[in-house]
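Everything below concerns the one structure shown next.
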Amino acid sequence: MRPREDVGWLDIGLGKDMRFTIRDNGRLARILDSVIVQENKIPAFCAFLGGDAKDNAMKYIFPQNNIRRHRSRSSIGLRYDVGSLHSASPVIIADGDPQLSPRPNVSDVSGTDHSIMWEASSPRMVLWAIWARLIFLFADTVCIFADDFPELADVVDFLTGCMDMRSASTLPLPIRPRVIVVLSDDADDTLESALQRDRFYSQLQEAHDGLFANTFSSINLMHCGEKHLSEKARCERLRSLLFGQLKDMQAVRQDHRALFASSHWKGFFQSAVRHTANELHQPFNFIKATRASHPIPPNTSTCIAHYCQAAELAGIQFEELAPTIASALVMDHYVPGMLCKKYPVLGVLAP
């Protein structure tokens, strides 16, 4: 029998100064280095939130994974879908229960701690910030299992809490994650079901109508199906919807030039986890993150101004000057490993 594997990824710790920390157990780096080893892979990323209902659904959605044997000792675990592992877009899955109140400890030799620099009132606040500001920053789809919450209103509280913290993303709005709130009851057209849906959406709009699109690209309620169906059949609808949404989001990312290859993920995440620990409200700049090892010199604007002045003294028109500045900036930014495709314009700029 295969040994149990700890899929723990992110947790809340305590530093020596007794400040809360984000503890990264390095699970993502291990998956990228030892499992998804080809740099040209384009991972899809989904998040599953809940408890027992979530675990039961994952068992059928990812049938080749041993969900119950591979448990997480951290607040947030990380898995990969065995069934899609050898495809061009392997699926990575973060899962956990946002209702838990983590019990931070002072040290953990297996993880790296990032001290929280903003005012955190409780471990649960830090946990919600990790979901809202870090996990959802990369997630394509988020599945929330309403049966694992006391009431549907508690799901609304969590979603509005995430909206309060704002999305950390600087990418176009269509790339915000798509949320599926899963209900186990029948998908009937009774008056009670209609009223339930209306209450859910009205509560979201009343809470933060203006912040909705900034945080999520969509939020939808989904019923698993008729009670007489088997668990596998009831979960098949969710499975089809989930993988369809992941495929759609890959196309959206492609359209907006934000389709991250596996070679980008580790660097982006390392920058993002530090940013999350330092900032609760400032956005995460993906462009600057790509320049982390190749920073833009602080005197760049001064140099460009001097170049323009020299050209003006030489009698060169700005229309002649602008292409040379654009060429220099593009070639300077087109560094090895940059998040970019080969554009035809680069052939024009080549000597």
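Of note, Ser72 satisfies the criterion of being assigned to a loop (DSSP other than H, G, I, E, B), crowded, with 17+ Cβ neighbours inside 10 Å and out of contact with any helix residue (DSSP H, G or I) (no Cβ under 7 Å at 6 or more places or on another chain). The numbered conditions (1) under 16 Å from the mean Cα position of the chain (by Cα); (2) farther than 29 Å from Ala53 by Cβ are all true for Gly96 except (2).
Of all residues being surrounded by 18 or more Cβ atoms within 10 Å (Cβ to Cβ) and of a type in the set (A, V, I, L, M) in segment 7-35, which is nearest to Thr276 (Cα to Cα)? Just the residue, please.
That would be Ile22.
Does segment 91-110 contain any residue that is over 30 Å from His281 (Cβ atoms), at pLDDT 95 or above and surrounded by 15 or more Cβ atoms within 10 Å (Cβ to Cβ)? Yes, that holds for at least one residue. Figure legend. Inter-residue proximity from segment 162-182: first residues over 18 Å from His275 (Cβ atoms) and free of Cβ contacts under 8 Å to residues at least 60 places away in the same chain, second residues among the polar types (S, T, N, Q) and not in a loop (DSSP other than H, G, I, E, B), beta-carbon distance below 8 Å, spacing 6+ or different chains. Indicated pairs: Met163/Asn214; Met163/Thr215; Leu173/Asn214; Val179/Thr141; Val179/Ser218; Val179/Asn220; Val181/Asn220. Residues in segment 29-50 that are modelled with pLDDT under 95 and hydrophobic (A, V, I, L, M, F, W, C): Ala29, Ile31, Leu32, Val35, Ile36, Val37, Ile42.
When you scan segment 75-100, how many residues do you find that are part of a loop (DSSP other than H, G, I, E, B) and within 18 Å of Arg133 (Cα to Cα)?
5
Of the candidates Met222, Met249, the single residue that is surrounded by 15 or more Cβ atoms within 10 Å (Cβ to Cβ), within 30 Å of Gln203 (Cα to Cα) and in contact (Cβ under 8 Å) with a residue 60 or more places away in the chain is Met249.
Applying the condition of being over 29 Å from His264 (Cα atoms) and among the acidic types (Asp, Glu) to segment 117-174 and asking which residue is surrounded by the most Cβ atoms within 10 Å (Cβ to Cβ) yields Asp148.
The values are calculated or read from the model by the stated rules, or taken from the named source; none is laboratory data. Because the structure is predicted, anything quoted here is derived from the model rather than measured. As a convention, Cβ positions derive from the backbone with ideal geometry for all residues, glycine included, and neighbour counts pool all protein chains shown.
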